[in-house]
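No value in this document is a laboratory result; all are computed from the given coordinates. Computed from a predicted model, the values in this text were never measured in an experiment. Here the Cβ is made from the backbone with ideal geometry for all residues, glycine too, and neighbour counts use every protein chain on show.
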Amino acid sequence: MRKKIVAGNWKMNTTLPEGVKLAKEVNEALAGVNAKCDVIICVPFTHLASVNNVIDANKLGLGAENCADHKSGAYTGEISAPMVASTGAKYVILGHSERRQYYGETAETLRAKVALALENGLTPIFCIGEVLEERENNKHFDVVKAQIEEGLFNLSAEDFGKIILAYEPVWAIGTGKTATDDQAQEMHHFIRSVVEGKYGKEVAENTSILYGGSCKPSNAKALFAKPDVDGGLIGGAALEAESFMGIVTAF
Ligand code: PEP
């Protein structure tokens, strides 16, 4: 059975003391509830080791927001998958639309990042999603299919089984405009059929597909009630323990 997951993406927010405080708050809040999903926080590189020291890994997973497309060497300023893994992190967000858009990440760089993440025992949370113009021109299914095929379909079925997918329509990220639960379900169902076409029904049924884009406590319940929506990747609402927990407890 596929996992239900709520993952926070802090993006480039919080100083180290602020981040440690937030992680402690989420950790403490989780201790007091019986969460019906896995809970993960993906935090800036600078925070990983310190956050790892203050959370209970049995209740709260830790991830990075990116990793390099090389293992080591002369790549000033980059952070490799082995470095991320050495902090205690277990997850890494890859292919977020902000990285595709602002940092020119291509399918080729993403394939390298996914391979390195997997080699180092990190679970990729692989993001896909269309921009508004693509949806308006009815290209959203083709775009999302191509992102999955080009970024991931080089993997063996065994390795694909380790991937978490996150469908994030770019027009819904940080805009307050959420996809309706029916729009999310329609795309998640399509994504599962694309995975089934390549890897078969069992792999497709076991793949967790998260929704991301202005998910909040007020809309999480309706989104998570849809059969192919297995949880959420949460940006803005993950920056306060109360709103993040409001989403976690929507399951
Ligand atoms: C994100 O960037 O992954 C995201 C879902 O952001 P927000 O929740 O703020 O729309």
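Per-structure values
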{"read-out": "Selected from Tyr103, Tyr211, Tyr199 as most flexible by GNM, with the chain as the system and alpha-carbon contacts under 10 Å", "value": "Tyr103"}
{"read-out": "Dipole magnitude of the chain, debye to nearest 20 (Cβ charges: Lys/Arg +1, Asp/Glu -1, about Cα centre)", "value": "440"}
{"read-out": "Alpha carbon centroid spacing (whole Å) that separates region 206-251 from region 139-189", "value": "15"}
{"read-out": "Computed [θ] at 222 nm, helices only, for the chain once each DSSP H run of length n ≥ 4 contributes -39500 (n - 2.57)", "value": "-12500 deg cm²/dmol"}
{"read-out": "Within a Gaussian network of the chain (alpha carbon springs, distance under 10 Å), most fluctuating of Glu78, Glu136, Glu18", "value": "Glu136"}
{"read-out": "Above-threshold pairs, the threshold being 23 Å between Cα atoms, out of Lys139/Lys216; Lys21/Lys162; Lys59/Lys216; Lys11/Lys198; Lys145/Lys226", "value": "Lys139/Lys216; Lys21/Lys162; Lys11/Lys198"}
{"read-out": "Among Leu155, Ser97, Asn219 - extreme Cα towards positive end, dipole of the chain, charges at beta-carbon", "value": "Asn219"}
{"read-out": "Lysines whose Cα lies under 18 Å from that of Lys221, excluding same-chain neighbours fewer than 8 positions away", "value": "Lys3, Lys4, Lys36, Lys177"}
